[in-house]
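In what follows, a single structure is set out as structure tokens and then discussed.
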Amino acid sequence: MPTAYHCAVVSDGEFEQLCRVENIVRLGRVTTLERGNIVLEQGATAVDDDDQEKNRLCTPIVPPTVARHWVELMEVELTNRQVWSADPELSAWLMNARLDGFNKMIGERIGVDAEATAHLGRYVENLASAREGIARLLGAS
């Protein structure tokens with residue numbers, strides 16, 4: 001049984017202010033501040049205020065509300081993954097990112113699980129034709 005209450009207690013007003021915080025990084029406490037870089041206990045993060053570059057690296061995905069949006073979502077997802085795979089540092093980071101279970105699963109199973117390795121191979125082989133199919137679907141509607 002717990003011996004103490006360990007959850008944050010904030011007022012409604014404080015919570016509203018906390019919800020305005022963007023760019024949350026969960027790598028522990030800050031250890032050093034450098035020009036263009038924040039060093040934390042479990043890694044570092046670059047400070048970049050260039051929204052155009054951020055959106056190039058990770059085009060925002062609009063939540064789907066109709067069937068067509070699912071196809072649009074997949075188009076953006078495939079484009080994002082293509083951009084990410086071209087950046088070795090970003091690819092390495094994504095292997096441990098908790099919000100991207102796909103890359104984490106790949107890193108753990110490829111080369112260890114023959115079936116998973118074969119599935120990934122088929123996935124990669126079919127990316128170009130998938131993108132063509134998406135373009136046809138979006139052009140037809």
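Bear in mind that the values in this text are calculations on the coordinates, not laboratory data. Computed from a prediction, not measured in an experiment: that's the story for all the values here. So basically every Cβ, Gly included, is an ideal-geometry build from the backbone, and we count neighbours across all protein chains shown.
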What are the residues whose amide H is under 5 Å from the amide H of ALA44, where those residues sit 5 or more places off or on another chain and H is modelled from the backbone?
-> none
Per residue of the chain, what 222 nm ellipticity follows from adding -39500 (n - 2.57) for every DSSP H run with n ≥ 4, rounded to the nearest 500?
-> -16500 deg cm²/dmol
Using a 10 Å cut-off on Cβ atoms, rank the peptides 20-32, 55-67 from the highest mean neighbour count down.
-> 55-67, 20-32
Going through the stretch 60-141, which trypsin sites (Lys or Arg not before Pro) have at most 14 other Cβ atoms within 10 Å and a DSSP loop state?
-> ARG98
